[in-house]
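Working notes, beginning with the structure itself.
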Amino acid sequence: MPYRPTEATERRKAERRSLILKAAREQIATDGFRGTRVRLVAARAGVSEGTIYRYFPSMTALFTELLRMSAMRELEVATRAATGPGPGADRLAAAVRIHLTRALKRPRLAHALLAEPVAPDVEAVRLACRKGFHEMFAGVMDQAIAGGEYYPFDTAMAAACITGAIDEAIIWPFAAVPDGAADNPQRIDFVVGFCMAGIAAFRRNAGVISPFRRA
């Protein structure tokens with residue numbers, strides 16, 4: 001009679017898989033992708049190296065899934081802020097702010113996930129996530145234009161600039177900041193202000209005609 005996994009068996013498998021992913025994430029936060037080895041992940045997870053390979057056929061597969069889950073979680077949180085109530089400008093600023101706030105909780109981990117050299121399969125996931133943020137930012141700006149908050153402008157280009165500013169802040173200056181540094185709010189305020197200033201000239205103001213207004 002063929003073996004049929006029970007609900008309890010499937011739950012234990014899911015829990016062990018989650019445990020391995022969490023251990024890999026913690027190891028990457030310490031040593032980066034380059035310094036993360038299967039034996040180190042196994043030791044953190046309290047499992048054998050063979051157990052890890054039963055769930056992930058290679059370290060590349062493990063890294064790919066870890067990055068996908070981490071990236072989708074960050075995009076989901078930022079998207080919730082972007083789709084909340086209020087003017088589009090406020091929602092855009094909120095999405096940028098929450099993304100930066102979460103990155104600065106563990107800046108070295110954020111740097112590794114965003115910028116450290118990785119295998120092509122892992123990099124493809126990273127690029128897909130970046131595209132997701134780009135599309136989310138552009139969508140919020142499109143809504144703000146449609147709602148009359150801004151004169152029309154190239155939202156795809158603006159989204160690329162905002163995404164790039166955030167990424168560069170995380171890749172270099174944020175990476176040198178200790179986890180949970182006391183002056184992080186000032187850093188976040190600066191980057192949020194920088195991103196919003198990039199589209200400020202297009203904002204509609206009573207009695208003011210923007211020099212960027214299209215004919």
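Here are some notes:
- Local electrostatic count, Ala176, Cβ distance below 12 Å [Lys/Arg +1, Asp/Glu -1]: +1
- Its relative contact order, with pairs defined as Cα atoms under 8 Å and 6+ residues apart, puts the stretch 1-56 at 30 percent.
- Taking Cβ atoms as reference points and 13 Å as the exclusive limit, the residues near Arg39 contribute a net charge of 0, counting Lys and Arg as +1 and Asp and Glu as -1.
- Cα centroid separation - the stretch 50-95 against the stretch 137-156, whole Å: 24
- Hull-based mean projected area of the chain, where the convex hull spans the alpha carbons, in square nanometres: 16.0
- Amide H within-cut-off set for Tyr150, under 5 Å, with H built and near neighbours excluded: Ile145, Arg204
- Residue-by-residue Karplus 3J(HN,Hα) for the stretch 97-110, coefficients 6.51, -1.76, 1.60, Hz, glycine and proline x: 5, 5, 5, 5, 4, 5, 5, 6, 5, 9, x, 5, 5, 4
- In order along the stretch 85-95, the phi-based Karplus estimate (6.51 cos²θ - 1.76 cosθ + 1.60, θ = phi - 60°) of 3J(HN,Hα) comes to x, x, x, x, 4, 5, 5, 5, 4, 5, 5 Hz; Gly and Pro are listed as x.
- The tail of the calculated P(r) for the stretch 1-56 beyond 13 Å holds 59 percent of all Cα-Cα pairs.
- Taking 14 Å as the straight-line reach from the Cα of Lys131, the aspartates and glutamates in range (excluding those fewer than 8 positions away in the same chain) are Glu74, Glu76, Glu123, Asp167.
Coordinate-derived values only; no laboratory data. Bear in mind the structure is a predicted one, so any value in this text is a computation, not a measurement. Note: ideal-geometry Cβ built from the backbone for every residue, glycine included; neighbour counts use all protein chains shown.
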